[in-house]
Structure formats: C-alpha cells, structure tokens
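Engineer: Let me begin by handing over the structure; questions about it come next.
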Amino acid sequence: MFEKYKKIIIFLLVMFIIGIIIFFVFKVAKKRINDDGENKNNDKKKYEVLVFIRNQTNSNPEEDRRTSMKKGYVVGVYDDGHKWSKSEKNSYLILKMMLTEKQKEKLMQSITKKKKTKSKSDEIDGEEIIGLRAYKISLKKVGFTDPKQLKSGQPFEDSVFDWSVVEKIE
C-alpha cells in the first residue's frame, strides 16, 4: 500500500520542505529590511540649528515653564545650507550639528504628561504640555557666553557640534 502512495508522499514532503525554506527566507529578508531601516535612522546628517540666546519670562511659574523660550532652547532645525535672514543671524545662535533623525526630533520635543479629560460622552486621553522643551543646547559647552558676540557675526560658522552639547531639561 505504501508503494501506491509513495510518489504522493514524497511530493508532499518536498513541498513541505520548500514551504519551510521559503518561510525562513522571507523572514530573514524582512528582518534585514527592518534592520536597514533602523540603521538609516541612526545615520547622522548635518543640520543647522537655530538656538534661543535669551530668557523669556512669565510671572506665573507654570505658564513660564510651559510657554517661555529660555537660553539654549531650539527654535528650529533646518537642512545644512539654509538661507538665514539678517534678523535671524543677529538674534539667534546658529549651530551646525551632526544629528540622527531621532536626535533632530528630540531637540524640538516638549515635556508632556498624560491627561484625561471628560466630555459628556466619554473620557479622552491626551497629552498636556508642561514644559516647552525637553532638551536644550548647553551654551556653556558650546562656548557661547554673550549675545553681543552676534554683532560681529555668527561665532561658530566653521564648527560642527554633535549631541554632546545637548542637555536634558528636568
């Protein structure tokens, strides 16, 4: 009886083995694609970072933390070679920085906390901004001490900084 079904059994066994091989090939290929995607996120690119150099204040401490720009806060992150206005060059520190995409995003990130609000029908989950920025540029580490330095031009045009000049805001 085995002889009668021998060819069918061998055929099914071969198809099963081929199926397993295909499954693992696609699984490995998918992992490689994901790994490549993650590696691309870790690639550094040169950006120009617009940095606030003075402290804004609000008499309400909570509102001050939530809405006021402070020394070292990043106003914006732009591609290298961005055309700056005269006003921007005179009012902000402009730094060239080598950053990953994640680091670029972190420079503009706010400090938030989860917030539940109740509406008439149900609860809504959301986030409330409690701090304008989660990270800032350490002007001390950069070597920038006086806003008057900008009158004679941007002081670090030939320098390129990295994440080591960034501090987390508590």
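The values are calculated or read from the model by the stated rules, or taken from the named source; none is laboratory data. This is a predicted model, so every value here is computed, not measured. We place every Cβ from the backbone using ideal geometry, glycine too, and count neighbours over all the protein chains shown.
Engineer: Scan region 83-98 residue by residue and report those that are free of Cβ contacts under 8 Å to residues at least 40 places away in the same chain and surrounded by 14 or more Cβ atoms within 10 Å (Cβ to Cβ).
Structural biologist: Those that are free of Cβ contacts under 8 Å to residues at least 40 places away in the same chain and surrounded by 14 or more Cβ atoms within 10 Å (Cβ to Cβ): TRP84, GLU88.
Engineer: If ALA134 satisfies all but one of (1) surrounded by fewer than 14 Cβ atoms within 10 Å (Cβ to Cβ); (2) under 29 Å from ASN42 (Cβ atoms), what's the number of the condition it fails?
Structural biologist: (1)
Engineer: Give the residues of region 149-170 that are under 18 Å from TYR135 (Cβ atoms) and either surrounded by 11 or more Cβ atoms within 10 Å (Cβ to Cβ) or touching a residue at least 12 places away in the same chain (Cβ under 8 Å) (or both), sorted by residue number.
Structural biologist: PHE161, ASP162, TRP163, SER164, VAL165, VAL166, GLU167, LYS168, ILE169
Engineer: Conditions first: (1) within 18 Å of ILE130 (Cβ to Cβ); (2) touching a residue at least 40 places away in the same chain (Cβ under 8 Å). VAL51 passes all but one, so which condition is the exception?
Structural biologist: (1)
Engineer: Here is a further query. Against the conditions (1) part of a loop (DSSP other than H, G, I, E, B); (2) modelled with pLDDT of 90 or more; (3) polar (S, T, N, Q), where does GLN149 fall short? Just the number, please.
Structural biologist: Here GLN149 clears every test but (1).
Engineer: Would a scan of region 99-118 turn up a residue that is at pLDDT 95 or above, assigned to a strand (DSSP E or B) and buried (at least 17 other Cβ atoms within 10 Å of the Cβ)?
Structural biologist: yes
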